Each structure stands twice: as C-alpha cells, then as structure tokens.
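Data first, discussion second: the structure below is written as structure tokens.
The values are calculated or read from the model by the stated rules, or taken from the named source; none is laboratory data. This is a predicted model, so every value here is computed, not measured. Every residue, glycine as well, gets a Cβ built from its backbone with ideal geometry; the counts of neighbours run over all protein chains shown. These area figures cover heavy atoms from the full protein model, side chains too; ligands, DNA and RNA do not enter into them. Shrake-Rupley method; radii C 1.70, N 1.55, O 1.52, S 1.80 Å.
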Amino acid sequence: MGSARFSRCRTMEALVAIFCVLGLVSVCCAARMESASRQKLEVRKHLRRLNKPAVKTIESPDGDLIDCVHMSHQPAFDHPFLKDHKIQTRPTFHPEWLDESKVAEKASEKPNPIKQLWHVNGKCPEGTIPIRRTKHEDVLRASSVKRYGRKKHRSAPIPPRSAEPDLINQSGHQHAIAYVEGDKYYGAKATMNVWEPSIQQPNEFSLSQLWILGGSFGEDLNSIEAGWQVSPNLYGDNNTRLFTYWTSDAYQATGCYNLLCSGFIQINSDIAMGASISPVSAFRNSQYDISILVWKDPKEGHWWMQFGNGYVMGYWPSFLFSYLADSASMIEWGGEVVNSEPNGQHTSTQMGSGHFPDEGFGKASYFRNIQVVDASNNLKPPKGIGTFTEQPDCYDVQTGSNGDWGHFFYYGGPGRNPNCP
C-alpha cells in the first residue's frame, strides 16, 4: 500500500516537473517571440526613417535599388538643427588649384574613367539625389539596429607621435597610412586606385580613404572620411563601393556611413553614396582611380566633398563638429582593414590590391597627388609626411615623390602570410 502511494507521489512529482518545464518553455518561447516582434517593429521603423519617398527608383545590375529622393527630403533633414536649414547648392569657395603636375604620360599609367554600376539603367531627375535603398536584411546583419551603419569605436589610425602606445591597435583595426600633423589644415585631396580586395570573414572590411581629423584620439575625436570600401556586413556583398563617414565623438554615438543618419547634406544627382564603383583595377592590367577632395568653406564653415573632377557631392554642416568647426589638426591617407583573428590567426583579408608596396605600379595599390588645403584656401603639397602601420609584415606603406604624381605612396598587403602568422 505504502509503495503504491509512493509510486503515485513520484508520478505526480514527475507530471508537475513536466508541466513546470513546459511552462518555462512556453514562457521562454513567448519572451523570444515578443523580443523578435519588438525587433521587427524596430527594424521597420528604422527603414521608414531611412528610406524616404522616391520620385523614381532605378534597379542596379548588382541588385541595389537606387531611390531618387527630393533633395529637401533626404535623411539629413531629420536632424532637429536642420529643420529650417536653407540648402547651399554650391560652395562659396573652391580651393585654388596650384599648378598640379600632369598625370603620368605613359599610356599604361593613364587613369581610366570610373562609373557607378546603377548608371547603366538610368539617372535621377534634377532636384533629386540618388540614395541606395536600405533593405531589411541590411539592418539585420548589424549587431543592433542602433549600431547599423556605424564604425566601431577607435577606427581612426593613431600614429605613435599622437597617442599613448597602449591606445594603438586596441580595436582589431589595422592600417597602412601616410599622414601629416602639427599645422592647421582646411582640407585634403588625393587620387587613389580602386581594387576589389578579398575579405575572409563577413564581419571584416577593407577600405582606402582619407581622414580629416580634429581633437585628441580620446572620446572627443572629430573625423570626416571618404574613399572606397568592401564591407560584406554593411552591404551584403563583396562589391567595391564609394563611401563617406563622419563622427564628432570618436565613433561612439554620432555619425555614420553615407546617408545612414542625419548629417551630410547631398546636392549631387549623379553619384550615390554606398553604390558600387565599376570597373576596378586588375593585377598587371588596367588601373582605375578616383579623386576625392574635402575642404572647408571659409565663409559658411561647412566641410564640402568633391568626387572626381566635376561632382561636388555636398557638405557636412559645421555645427556637427567641435574641433573641426575651426580646422583639422591631422590629415591621414591610406588603407584600413578589420582583423578579427579568425581561428586565432591573422586574417587573410587583403588591403588595397593584396600586394605589398614594393611591387609597384600595376600590382600594388597607390595614392598619388596627395595635397592639403591651407588657410588661404590653396591646395599644396603636404610637408613632413610620416607613415604608420601596426604590422608591416601584414600590410605596409612606402612614400615617394616625382614630377608626374607629386607626393604619392604605395600601400597594402595580403594579411596572413609566412611572416604574418
């Protein structure tokens, strides 16, 4: 009798335990579903904020959708300080060209024209700007909706003279750059050849850009950046794309890539930030390069960007910045990659062409005709160029100058190799 009661008790306990587990499972499932639907709602709201109503949509051969959005409806104007902002349709001042030496005369070294892939299927009407449409899956690839379109903290390279050694190489970002500091700078220019480096992990990227920097390398860094990048996480593919970036607090809460937050005001209807560049340079074959100029308008104080010779893209309003509201204290040019150290080894993500600088033209990647803008709004050769790379056996940089290319440098590398384990 006692054993039967004991057995019934055990059965009851087991059933209670099962119901408890089922209850916990259903609570967990409910919590997970609630979290998923909350995320879905958050993503939808974010997409509504980013994707403004389009006058016309152009489908690019690479699958991008380019929305032609009325200039006054672009994301910049979500910023409370820009509510009554009158769009400046052209800069008040343009840097005076100093006698810029003609580009290399050798047929093999003449630059080739570069276009964006979406151009083959149409163009945006006047008064509109092209914006690459953000898709649901783009946002989901980010670590959070809030972090979508943002770089990690401390993305700018910190040359040894400018910071404590323990600040260097904290973030897994690696660089090979040329830089100038110690003066007041009002802009910079460079021509860089365009490649399609291979990326080992989707959460890594490879880019080539110029940095306009103000402030310390602590929490208050101001940075304006522009160049080309391959970033599977951001764009969902391995295409080479034109990009810009800005931050006024060392990549913490302000700023973003391209037009993925309010800030940069675009006025150009021909070029889309974040869209694919085509064609790209090939090893021992045709070389394609792009020119980028960023300068401060002395009258209005805004920072303007020009792509190529004729495309004035738009501007970053001066109120976005603290230090850069006056001038920059450092200019950097070069490459950056993320080294996530997959399997405990250095990444094999390439920088530039994936070849070391000493291989030279047609094999290594380059920046040529690098210049700075001075207080008189003149473009001039930089003085006292320094170079910096965290691991020269993985990615390196070599400077030079001549009559054709002015001040130039080759940079980049393959990442992991026998000397870079």
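Would you check which residues across segment 306-317 are open to solvent by less than 30 Å² (accessible area, probe 1.4 Å) and either modelled with pLDDT under 95 or assigned to a strand (DSSP E or B) (or both) and list them? Matches in segment 306-317: Gln306, Phe307, Gly308, Met313, Gly314, Tyr315, Trp316.
Residue-wise test of (1) touching a Pro at 6+ places or on another chain (Cβ under 7 Å); (2) among the charged types (D, E, K, R); (3) under 21 Å from Thr191 (Cβ atoms).
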position	(1), (2), (3)
Ser318	no, no, no
Glu332	yes, yes, yes
Gly344	no, no, no
Gly352	yes, no, yes
Ile370	yes, no, yes
Ser376	no, no, no
Gly386	yes, no, yes
Gln391	no, no, no
Cys394	no, no, no
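Taken together, the residues in segment 232-259 that are in a loop (DSSP other than H, G, I, E, B) and either surrounded by 24 or more Cβ atoms within 10 Å (Cβ to Cβ) or not small (Gly, Ala, Ser) (or both) amount to 13. A residue that is of a type in the set (Phe, Trp, Tyr), over 21 Å from the mean Cα position of the chain (by Cα), at pLDDT 95 or above and not in a loop (DSSP other than H, G, I, E, B) occurs somewhere in segment 392-408.
Residues that are among the aromatic types (Phe, Trp, Tyr) and open to solvent by less than 10 Å² (accessible area, probe 1.4 Å) within segment 201-217 comprise just one, Trp211.
Of everything in segment 133-157 that is open to solvent by less than 40 Å² (accessible area, probe 1.4 Å) and touching a strand residue (DSSP E or B) at 6+ places or on another chain (Cβ under 6 Å), the residue that is modelled with the lowest pLDDT is Ser155. Scanning segment 372-389 for residues that are in a strand (DSSP E or B), within 21 Å of Leu324 (Cα to Cα) and either open to solvent by 20 Å² or more (accessible area, probe 1.4 Å) or free of Cβ contacts under 8 Å to residues at least 12 places away in the same chain (or both) yields Asn378, Lys380.
Do we have any residue at all in segment 287-305 that's of a type in the set (Ser, Thr, Tyr) and either under 21 Å from Ser340 (Cβ atoms) or in a loop (DSSP other than H, G, I, E, B) (or both)?
Kept after step one, since they are of a type in the set (Ser, Thr, Tyr), are these residues of segment 287-305: 288, 291.
Now drop any that are not either under 21 Å from Ser340 (Cβ atoms) or in a loop (DSSP other than H, G, I, E, B) (or both), which leaves none.
The answer is no; no qualifying residue exists.
Scanning segment 339-358 for any residue that is closer than 24 Å to Thr240 by Cβ and more than 23 Å from the chain's Cα centre (by Cα) turns up at least one such residue.
Evaluated against (1) open to solvent by 10 Å² or more (accessible area, probe 1.4 Å); (2) touching a Pro at 6+ places or on another chain (Cβ under 9 Å); (3) of a type outside the set (Ser, Thr, Tyr), Asp220 falls short on exactly one condition, (2). When the test is whether a residue is over 23 Å from Phe217 (Cα atoms), out of contact with any His (no Cβ under 6 Å at 6 or more places or on another chain) and of a type outside the set (Phe, Trp, Tyr), Glu390 does not pass it. Only one of the numbered conditions (1) out of contact with any Gly (no Cβ under 9 Å at 6 or more places or on another chain); (2) open to solvent by 10 Å² or more (accessible area, probe 1.4 Å) is not met by Gly362, and that is (2).
Residues are listed down the side, and each one gets a yes or a no for (1) free of Cβ contacts under 8 Å to residues at least 24 places away in the same chain; (2) part of a loop (DSSP other than H, G, I, E, B); (3) not hydrophobic (A, V, I, L, M, F, W, C):
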| residue | (1), (2), (3) |
| --- | --- |
| Ser198 | no, yes, yes |
| Glu219 | no, yes, yes |
| Ile224 | no, no, no |
| Gln229 | no, no, yes |
| Asn285 | no, yes, yes |
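How many residues are within 23 Å of Asn339 (Cβ to Cβ) and outside any loop (DSSP other than H, G, I, E, B) when one looks only at segment 359-371?
Number of matching residues: 4.
Restricting the search to segment 266-321, which residues are β-branched (Val, Ile, Thr) and within 16 Å of Trp246 (Cβ to Cβ)?
Answer for segment 266-321, where residues must be β-branched (Val, Ile, Thr) and within 16 Å of Trp246 (Cβ to Cβ): Ile292, Val294.
None of Ser348, Ser353, Ser340 is crowded, with 24+ Cβ neighbours inside 10 Å and part of a loop (DSSP other than H, G, I, E, B) except Ser353.
Looking only at residues that are among the basic types (Lys, Arg) and touching a Pro at 6+ places or on another chain (Cβ under 8 Å) in segment 45-92, which one is least open to solvent (accessible area, probe 1.4 Å)?
Step one: filter segment 45-92 for residues among the basic types (Lys, Arg), giving 45, 48-49, 52, 56, 83, 86, 90.
If we keep only those that are touching a Pro at 6+ places or on another chain (Cβ under 8 Å) as well, we get 49, 52, 56.
Values: Arg49: 124, Lys52: 33, Lys56: 82 Å².
The selected residue is Lys52.
Of the listed requirements (1) under 18 Å from Asp183 (Cβ atoms); (2) surrounded by fewer than 16 Cβ atoms within 10 Å (Cβ to Cβ); (3) under 23 Å from the mean Cα position of the chain (by Cα), Ser329 misses just one: (2).
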